[in-house]
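Below is one structure, written out as structure tokens, with a few remarks after it.
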Amino acid sequence: MKAAVFQDFGRADVLRLAEVPAPEIRPTDLLVRVRAAGVNRADLLQRQGVYGTESYGDSPLLGLELAGEVLEVGEAVTEFRRGDRVMAITGGGAYAEVARVDQALAVRMPDHLGFIEAAAVMESFVTAYEVVGHLAGLGTGQTMLVHAAAGGVGSAMVQVARALGGRVLATAGAGRLGDVLSLGAEAVVDYRSGDFAAEARRFTAGQGLDAVVDFIGGSTLAANLRSLRPGGILVQVGLMGGGGDASIPLGLLLHNHLRLVGTVMKSRRPDEKRAMVQRFADRMLPLVASGTLRAVVSQVFPLAHVVQAHEAMERGGGFGKIVLTVP
């Protein structure tokens, strides 16, 4: 089968298509004919060598989410059959014609979705519900700041927070403020020129936010913590801005009994990923099926143009997810 591969870590142009062996099915697996795969920042980090040779999944190939058709089911699989249209999280391997998927990390595609939109659902919305609903516990009337809200995961965070009854303040690039407002955010701050901490005070009448979701890290950390009410929570989902060793205002953390939680999908144990998918399926999948929640797709590239897809993500500035199609 054809798949995107690379021999050495580096820039996007290390990627190429090559023939590789098809995955072997195990008792609880599905083999899926991939029709589309979502591009995630973790793919870029893996290609760049940030994870080194450490494997967080069961395939060294890139690609953490997909949509496609079931070709074969393992002998212990009971919930799926050949021909089912599924969307799933994978332990790597979605940038290929055929991928192996743990049945517990797959769900049936809602009837109205095409493969491109479905490929942009799982990583974004499973992560979004895990952060907003499970870790932050956002409820009706509570306030949340979502950074980088025009991105694939950020746009899902805004929608999930609204679906749970929350009020959303967001940050985005100047050209994407209206797009983020269209998702349900009440106010959006230009991350380059605006002061999100001051806007958070205004947004909450000086009380502070119940929760902050941050993909940036570095210089945003202290301001994020200052934006929270006593007892509030900051969930750190990424480090797009670097600064993994940023200093923490411990006095503020202690005095206001704040919570700081880190989470990332890629390094989760298989049982944790299964639990996350189940929570998403129970609470959010019906809203995806009804159209209340929708994956936002920014750009679509064929798998043969995977280099251009990675370069587009590195440039940034889009609204939503980048998706690869697999002919």
*Taking H as built 1.01 Å from N, whose amide H comes closer than 5 Å to the amide H of Ile322, not counting residues under 5 places away?*
Val39, Ser298, Gln299
*Show the residues, 5+ positions off or on another chain, whose built amide H is closer than 5 Å to the amide H of Gly166.*
Gly141
*Across the stretch 133-150, in residue order, what do the Karplus-derived ³J(HN,Hα) couplings come to in whole Hz, using 6.51 cos²θ - 1.76 cosθ + 1.60 with θ = phi - 60° and x for Gly and Pro?*
x, 8, 7, 7, x, 5, x, 4, x, 7, 10, 9, 9, 10, 7, 6, 6, 8
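Please list, by residue number, every one of the trypsin sites (Lys or Arg not before Pro) in the stretch 140-247 that is coil in DSSP and has at most 14 other beta-carbon atoms within 10 Å.
Working: sites: Arg162, Arg167, Arg176, Arg192, Arg201, Arg202, Arg226; in loops: Arg192.
Loop-located and lightly packed - Arg192.
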_Angstrom value of the Kirkwood radius, inverse mean 1/r, which spans all Cα pairs in the stretch 233-306_ = 16.4
*For the stretch 300-312, just list the computed ³J(HN,Hα) in residue order, Karplus coefficients 6.51, -1.76 and 1.60, θ = phi - 60°, integers in Hz, with x standing in for Gly and Pro.*
10, 10, x, 4, 4, 9, 4, 4, 5, 5, 5, 5, 5
*asked:* Run the numbers for Leu250 and Ser55: contour at 0.36 nm per residue of separation, minus the present Cα-Cα distance, in nm.
replied: 66.8 nm
*asked:* Given the whole protein assembly as supplied and a 1.4 Å probe, what does the accessible area of Tyr191 come to in Å², nearest 10?
replied: 130
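With a 1.4 Å probe and every protein chain kept in, tell me what percent of the accessible surface of the stretch 194-327 is carbon plus sulfur.
55
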_From the mean inverse distance of alpha carbon pairs (Kirkwood) and the Cα radius of gyration, derive Rg over Rh for the chain._
0.97
*Once amide H atoms are built 1.01 Å from N in the peptide plane, which residues 5 or more positions from Gly91, or in another chain, come under 5 Å H to H?*
Asp58, Asp102
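Rounded to two decimals, what is the ratio between the C-alpha radius of gyration of the stretch 192-250 and 2.2 N^0.38 Å? Provide the component values of the computation, followed by the final result.
Values: Rg = 11.2 Å, N = 59, 2.2 N^0.38 = 10.4 Å.
Scaled against compact globular proteins, the figure is 1.08.
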*asked:* Using a probe radius of 1.4 Å on heavy atoms only, what accessible surface per residue do you get for the chain? Whole Å² is fine.
replied: 42
*Could you tell me what percent of the DSSP beta bridges with both partners in the chain are antiparallel, to the nearest 5?*
55
_Can you work out the Karplus-derived ³J(HN,Hα) for every residue in the stretch 73-90? Use 6.51 cos²θ - 1.76 cosθ + 1.60 with θ = phi - 60°, whole Hz, and x for glycine or proline._
10, x, 5, 9, 7, 10, 9, 10, 9, 4, x, 4, 8, 10, 10, 7, 9, 10
*asked:* Kirkwood hydrodynamic radius, computed over distinct alpha-carbon pairs, for the stretch 157-289: how many Å, to one decimal?
replied: 16.1
*Sticking with the crude label model, points 7 Å out along Cα→Cβ, report the distance from Asp190 to Asp8 in nm, one decimal please.*
4.2
*Can you list the residues of the stretch 277-308 with backbone N under 16 Å from a point 7 Å past the Cα of Thr28, pointing along Cα to Cβ?*
277-279
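Using a cut-off of 15 Å between beta-carbons, work out the net charge of the residues near Asn256 (Lys and Arg +1, Asp and Glu -1, Asn256 not included). Spell out each step's value before the answer.
Working: positive: Arg201, Arg226, Arg229, Arg259; negative: Asp210.
With Lys, Arg at +1 and Asp, Glu at -1, the neighbours total +3.
Quick check of the Kirkwood formula: for the stretch 95-196, what is the inverse mean of 1/r over all pairs of different Cα atoms, in Å? Display every interim value, and only then the final one.
Details: mean 1/r = 0.0679 Å⁻¹.
Computed over the stretch 95-196, the radius equals 14.7 Å.
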*In 10 Å bins starting at 0, how do the alpha-carbon pair distances of the stretch 150-202 split up by percent?*
28, 57, 15
*Calculated [θ] (222 nm, deg cm²/dmol) that DSSP helices of n ≥ 4 give over the chain, each run adding -39,500 (n - 2.57)*: -7500 deg cm²/dmol
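With the contact rule set at Cα under 8 Å and sequence spacing of 6 or more, what percent relative contact order holds for the stretch 67-117? Show your work: numbers first, answer last.
Details: 58 pairs, mean separation 18.0, N = 51.
Across the stretch 67-117, relative contact order equals 35 percent.
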*What full-extension length gain, to one decimal in nm, is calculated for Ala76 and Arg279 as 0.36 nm per residue of separation minus the Cα-Cα distance?*
70.9 nm
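In square nanometres, what is the average projected area of the Cα convex hull of the stretch 5-164?
Values: hull surface 42.6 nm².
Dividing the Cα hull surface by four gives the mean projection, 10.7 nm².
On full extension of the chain, what length is gained from Val307 through Glu69, given 0.36 nm per residue of separation minus the C-alpha to C-alpha distance? Could the numbers behind the result be given before it?
Details: separation 238, 0.36 × 238 = 85.68 nm, distance 2.52 nm.
Net length gain for the segment: 83.2 nm.
For the pair Asp271 and Thr140, what calculated FRET efficiency results from E = 1/(1 + (r/R0)^6), where r is the Cβ-Cβ distance and R0 = 25 Å, to the nearest 0.05? Provide the component values of the computation, followed by the final result.
Numbers: r = 31 Å, r/R0 = 1.23.
Once rounded, the FRET efficiency stands at 0.20.
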*With no solvent and one point per C-alpha, what does the Debye sum give as log10 I(q)/I(0) for the stretch 216-274 at q = 0.18 Å⁻¹?*
-0.67
*Euclidean distance of C-alpha centroids, the stretch 10-79 and the stretch 290-312, integer Å*: 16
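Just to confirm a number: summing +1 for Lys and Arg and -1 for Asp and Glu over residues other than Arg176 whose beta-carbon lies under 13 angstrom from that of Arg176, what do you get? Intermediate values should be presented prior to the final figure.
Working: positive: Arg192; negative: Asp179, Asp190.
So the surrounding residues net to -1.
So, R0 is 56 Å and r is the distance between the beta-carbons of Arg16 and Arg201; what FRET efficiency does that work out to, to 0.05? Write down the numbers at each step before the final one.
Numbers: r = 50 Å, r/R0 = 0.90.
Efficiency at R0 = 56 Å is approximately 0.65.
The values are calculated or read from the model by the stated rules, or taken from the named source; none is laboratory data. For clarity, every value in this text was computed on a predicted model and none was experimentally measured. Note that we place each Cβ from the backbone using ideal geometry, even for glycine, and neighbour counts take in every protein chain shown. These accessible areas exclude ligands, DNA and RNA; they are computed on the full protein's heavy atoms, side chains included. Shrake-Rupley method; radii C 1.70, N 1.55, O 1.52, S 1.80 Å.
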